[in-house]
Amino acid sequence: MDPTPDFELRPASQAAGAPDGMERLWTPHRMAYIASHQEPAAEPPCPFCVAPQLDPDQSLVVWRGETVYAVLNLYPYNPGHLLICPYRHVADYTDLDQPETAELAQASQWAMRTLRRASAPAGFNLGLNQGAVAGAGVAGHLHQHVVPRWSGDANFFPIVAQTKAVPELLGLTRSKLAAAWSEVD
């Protein structure tokens, strides 16, 4: 056995601290994140099951019906981006019962009328994303998107900087829509 330490046998280009062409971005703060993911994390509670149980200012719930409710999207595409959610934890549109289906449709119409009254959008995007592969961020709980649109509301930020500029705070949007909704339904 050769008593020479291993590092002395390496070429100088492989010695500790030798340049290897790689840039280093030191991020010691990430170790807390890495360590927290060593154990399997418990499944977080469904945000759409928790929201109706919270205070409206905390949950961003705008309106409550018999079988569905309207809540502001926490990560909106535009100010007033609403989600119409059944109270019942159901993932697929075909699993809604008749009262849920009817109220989901009615609430979507009311949401559009409310948004028109509160902020006069020029149009809307409406949609259901069924499953994670279809873009559902919370795939286990069905939710209909009602997104108000204005001419010029899209800009270069999402493409160039992967950033969405949202020109109104959620709390202010919730207050405006909650007040306007009571005048519509």
| Filtered residue count, the stretch 67-87, keeping only those that are within 14 Å of the chain's Cα centre (by Cα) and of a type in the set (Phe, Trp, Tyr) | 2
| request: Please go through the stretch 48-60 and pick out each residue that is of a type outside the set (Asp, Glu), touching a residue at least 24 places away in the same chain (Cβ under 8 Å) and closer than 20 Å to Pro79 by Cβ. | output: Ala51, Pro56, Leu60
| field | Subset of the stretch 100-130 [of a type in the set (Gly, Ala, Ser), touching a residue at least 24 places away in the same chain (Cβ under 8 Å) and under 28 Å from Arg88 (Cα atoms)] | value | Ala107, Ser108, Ala111
| request: Counting only residues that are at pLDDT 95 or above and among the aromatic types (Phe, Trp, Tyr), give me the strands (runs of 3 or more DSSP E) lying completely in the stretch 41-124 with at least 1 of them. | output: 61-64, 68-72
| task | Working only within the stretch 145-170, note down all residues that are in contact with a Phe, Trp or Tyr (Cβ under 9 Å, 6 or more places away or on another chain) and modelled with pLDDT of 90 or more. | result | His145, Val146, Val147, Pro148, Arg149
| query | Do we find a residue being among the hydrophobic types (A, V, I, L, M, F, W, C), in contact (Cβ under 8 Å) with a residue 60 or more places away in the chain, buried (at least 16 other Cβ atoms within 10 Å of the Cβ) and part of a loop (DSSP other than H, G, I, E, B) anywhere in the stretch 132-140? | reply | yes
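The values are calculated or read from the model by the stated rules, or taken from the named source; none is laboratory data. Fair warning: this is a prediction, and the values are worked out from it, not measured in the lab. Note that we place each Cβ from the backbone using ideal geometry, even for glycine, and neighbour counts take in every protein chain shown.
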